[in-house]
Each structure stands twice: as structure tokens, then as C-alpha cells.
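Undergrad: Shown below is the structure under consideration.
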Amino acid sequence: MKAFLKNLGLILIILGTVILIACSVTGNVNNNAILLTAAALVVVGVISYIVINKRITD
């Protein structure tokens, strides 16, 4: 469980970037809901990565 929590931030960041890349490739850059969701995933991922790795130590 600790390993999953340590990687949760990275998973969220990667998921957000994959969504952004998919929107760029398909040309669907006018849908603000998808773009804001992907940006929120990246921001929450960065924050959770910092907070979780600060609190969890091996």
C-alpha cells in the first residue's frame, strides 16, 4: 500500500499529461472541461506527490 501511495502523485501527473496529449493529437483543444480536468489532475498530482512523499518514509 505504501508503494501505491508513493506513486499516486506520479500516476495522476501521467494521467493528466496523457489526456492533454490525446486532446492535442485529436485536435480537440476547444473543450474546456477536458482541458481543465487534465490540468487539475496534473496540479493535484504534483501537490499530492510532494505531501505524500514528505510524510511517508521507508
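Every read-out reported here was derived from the displayed coordinates using simple, explicitly stated rules and does not represent laboratory data. Worth saying up front: this structure is predicted, and the values here are computed from it rather than measured. Cβ atoms come from the backbone with ideal geometry, glycine included; neighbour counts cover every protein chain shown.
Undergrad: I want to check the label-to-label distance for Leu8 and Ala22. Put each point 7 Å from Cα in the C-beta direction and report it in nm to one decimal.
TA: Here the answer is 2.2 nm between the modelled labels.
Undergrad: Given only helices, namely DSSP H runs of n ≥ 4 each adding -39500 (n - 2.57), what is the per-residue ellipticity at 222 nm of the chain, to the nearest 500 deg cm²/dmol?
TA: Numbers: 2 runs with 49 residues, N = 58.
Helices in the chain give a 222 nm mean residue ellipticity of -30000 deg cm²/dmol.
Undergrad: Specify the angular offset, from 0 to 90 degrees and rounded to the nearest 10, of the alpha carbon long axis of helix 2-26 from the longest principal axis of the alpha carbons in the chain.
TA: Helix 2-26 and the main axis of the chain meet at about 10 degrees.
Undergrad: Oh, and also: Using volume of the Cα convex hull per residue in Å³ as the read-out, say which of (i) 71; (ii) 144; (iii) 61 was calculated from these coordinates.
TA: (iii)
Undergrad: Cα axis of helix 32-55 to longest principal axis of the chain: angle in degrees, 0 to 90, nearest 10?
TA: Orientation of helix 32-55: about 10 degrees from the principal axis.
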